[in-house]
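> Just passing along the structure, written as structure tokens.
The values are calculated or read from the model by the stated rules, or taken from the named source; none is laboratory data. This one's a predicted model, so the numbers in the text were calculated from it and none came from an experiment. Don't worry about glycine lacking a Cβ; one is built from the backbone with ideal geometry, like all the others, and counts go over all protein chains shown.
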Amino acid sequence: MEGLAGVVAGSSAICNTHGGLCYRGYPIEELALRAEFEEVAYLLLKGDLPTEGALREFKQALQEYRELPCIVQQVLEALPISTHPMEVLKAGVVALGCAQPEALDFSNQHACALQILGALPAILIYWHHYHKHGKRVSLGSELGMAHYLLEYLRGKKPLEIEIKAMDSMLTLYAEHEFNASTYANRITASTLSDLYSCVVTGIGTLKGRLHGGANELAIAFILRFHSVEEALQEVDRLFANKEKIMGFGHRIYKHADPRSAVGFELVQQLKHLGDPKLFEIAVAIRDHVKQKKGLPDNIDFFGGLIYHYLRLERLYYTPFFVLSRVVGWMAHAFEQRAHNRIIRPTSAYIGAPKRPFVRA
């Protein structure tokens, strides 16, 4: 089947999308609104929620790995200022793997996972300050990841409501079973390649416009309009021309994306931090698309507006996706390598029949 739609390509104990969305049995609605991202990361990587002591040690390890090796800093400084942030993350992970590689028997895979998860926000932050402001910043911090990203990218202490929203967004994007980047990551893992290569595979796949980037396009669409009426007229015009609107529909969720209700709640809480009219326009577009086409909004529709209200650069929206989804990628890499058979499907040949070689 084209695009493997509906094909069961393997089994996994990490995520369930049937009848909602659960990470290792826990509903996404509860995790996103009640847990810290670090708790969710621990759950995905290790299988169970952490005790208070285990969570404290987990956070400390991530914070220590924010101090990037010199080779990683040198690579980031050598990149052109025009480099896309997704390429920055790929380069940073490759350099990280060169500095402290994974053992061939994978005996240090959990340490490598902690290093990658701890270092990725620091990679983005270091490159941001070096190329945007000409400064080599100190990366050490005892802040949680959500707080760390907001404070170090914006240059001032965030509000508690902003930290919680960012925390929730990291959780919402952390895992989603066999999506394109996760499955690509599992293919790499099935060859018994190292964890850094698996993560780079995931980043490269997520960079594609049909996978990552939808929230960037969704907020760009919302920002085009000055009124609800103007927005709905444009939606009708796009429908008439059979054009797509980003942030609607989903391969798996035909009726509702379970993450969207959480996103809607978050954006309601944040709208007073920016222009509330954008929220009104977004809600009107959502309702109009649902009424006219029966398409539900997905997490990317209100996700872009959340980041906009948090005053974060639009070019970083998909990199934030990486900082979150990397947890899912690594959990899947562990699972694939633990019960491995190399992923090698076959294809239906539709080319020319067998023919003799004759020079033209």
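> Considering only the range 1-55, state which residues are of a type outside the set (Gly, Ala, Ser), assigned to a loop (DSSP other than H, G, I, E, B), out of contact with any strand residue (DSSP E or B) (no Cβ under 9 Å at 6 or more places or on another chain) and touching a residue at least 60 places away in the same chain (Cβ under 8 Å).
Passing the criteria: Thr17, Glu36.
> Would you point out the residue of the range 317-359, among those that are assigned to a helix (DSSP H, G or I) and among the basic types (Lys, Arg), that is farthest from Ile123 (Cα to Cα)?
My answer is Arg337.
> Follow-up question, since we're still on this one. Among (1) over 21 Å from the mean Cα position of the chain (by Cα); (2) in a loop (DSSP other than H, G, I, E, B), where does Pro258 come up short?
(1)
> Okay, moving on. Of everything in the range 222-239, what is assigned to a helix (DSSP H, G or I) and either in contact (Cβ under 8 Å) with a residue 60 or more places away in the chain or touching a strand residue (DSSP E or B) at 6+ places or on another chain (Cβ under 8 Å) (or both)? Give them in sequence order.
Within the range 222-239, just Ile222 meets the criteria.
> Still on this structure, please answer the following. Within the set of pairs 6 or more residues apart or between chains, which connect a residue that is closer than 21 Å to Gly208 by Cα inside the range 79-101 to a residue that is assigned to a loop (DSSP other than H, G, I, E, B) with Cβ atoms less than 7 Å apart?
Final answer for the pair search is Met86/Lys207; Val88/Leu79; Ala91/Leu79.
> If you go through the range 192-203, how many residues are over 13 Å from Thr182 (Cβ atoms) and either modelled with pLDDT under 90 or not in a loop (DSSP other than H, G, I, E, B) (or both)?
Of the residues in that region, 4 qualify.
> Return yes when Gly118 is within 30 Å of Ile299 (Cα to Cα) and surrounded by fewer than 17 Cβ atoms within 10 Å (Cβ to Cβ) and no when it is not.
no
> Among the residues in the range 119-127, are any within 20 Å of Val40 (Cβ to Cβ), over 19 Å from the mean Cα position of the chain (by Cα) and at pLDDT 95 or above?
Within the range 119-127 (the criterion being within 20 Å of Val40 (Cβ to Cβ), over 19 Å from the mean Cα position of the chain (by Cα) and at pLDDT 95 or above), the answer is no, since none of the residues qualifies.
> State all residues of the range 56-78 that are under 24 Å from His147 (Cα atoms) and either free of Cβ contacts under 8 Å to residues at least 12 places away in the same chain or among the hydroxyl-bearing types (Ser, Thr, Tyr) (or both); if no residue qualifies, say none.
Once the filter is applied, which keeps residues that are under 24 Å from His147 (Cα atoms) and either free of Cβ contacts under 8 Å to residues at least 12 places away in the same chain or among the hydroxyl-bearing types (Ser, Thr, Tyr) (or both), the range 56-78 yields Arg56, Glu57, Gln60, Tyr65.
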